[in-house]
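So the structure is just underneath, and the comments pick up after that.
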Amino acid sequence: MILILTIALIPFAGSVNAAEKVETLTFAWDHVSAEGGVAVVNWQMEWGVTAGGPYTKLVDIPYAATTGASYESPVQAVVTGQPGTHETRYFILRACGDVPIEGGGTEYQCSDPSNEVSYNFWIPAGGYSAPVQFRILPQ
């Protein structure tokens, strides 16, 4: 399974004209068979600012047994931080689906988290502000 994620890196408390950078990350993972005939409905990607969590949901990635993960919409996220520094984000993945429950029926549940992966983002140093009131003066 593969997911491409576009992340905008924006300086914290920067001027309106501060530099903005965009990075694209590609994630890949192996599909595992569910136990007890439970089918994976989607994958849930979560991210956090601290190793080990807590995490917040970033995106649900639909899954179909015939086509695999088929996420067609771009996923965009924003990382902010002090200009000229690095910000690390931590990512996990969960398999989710309908699980049979006692007494009949099903309940939507997600697996325990996958292993954690991280990425160290460079926050742009900002740049220069645009000159104000550029004009021609009479001679």
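The values are calculated or read from the model by the stated rules, or taken from the named source; none is laboratory data. Not measured: the values here are computed from a predicted model. All Cβ positions, glycine included, derive from the backbone under ideal geometry; neighbour counts span all protein chains shown.
Which residue is nearest to residue 97 (Cα to Cα), if the candidates are limited to region 22-38 and must be at pLDDT below 80 and surrounded by 13 or more Cβ atoms within 10 Å (Cβ to Cβ)? Show your work before the answer.
First, the residues of region 22-38 that are at pLDDT below 80: 30-38.
Cutting the leftovers down to surrounded by 13 or more Cβ atoms within 10 Å (Cβ to Cβ) gives us 31, 34, 38.
Values: 31: 14, 34: 9, 38: 7 Å.
The extreme case among them is 38.
Among the listed residues 100, 138, which satisfies the condition of being surrounded by fewer than 14 Cβ atoms within 10 Å (Cβ to Cβ), more than 30 Å from residue 48 (Cβ to Cβ) and in contact (Cβ under 8 Å) with a residue 24 or more places away in the chain? Don't jump to the end; show me each part of the working.
Values: 138 fails: in contact (Cβ under 8 Å) with a residue 24 or more places away in the chain.
Matching residue, one of 100, 138: 100.
Exactly one condition in (1) at pLDDT 85 or above; (2) loosely packed, with under 14 Cβ neighbours inside 10 Å is false for residue 58; which is it?
In the conditions (1) at pLDDT 85 or above; (2) loosely packed, with under 14 Cβ neighbours inside 10 Å, residue 58 misses (2) alone.
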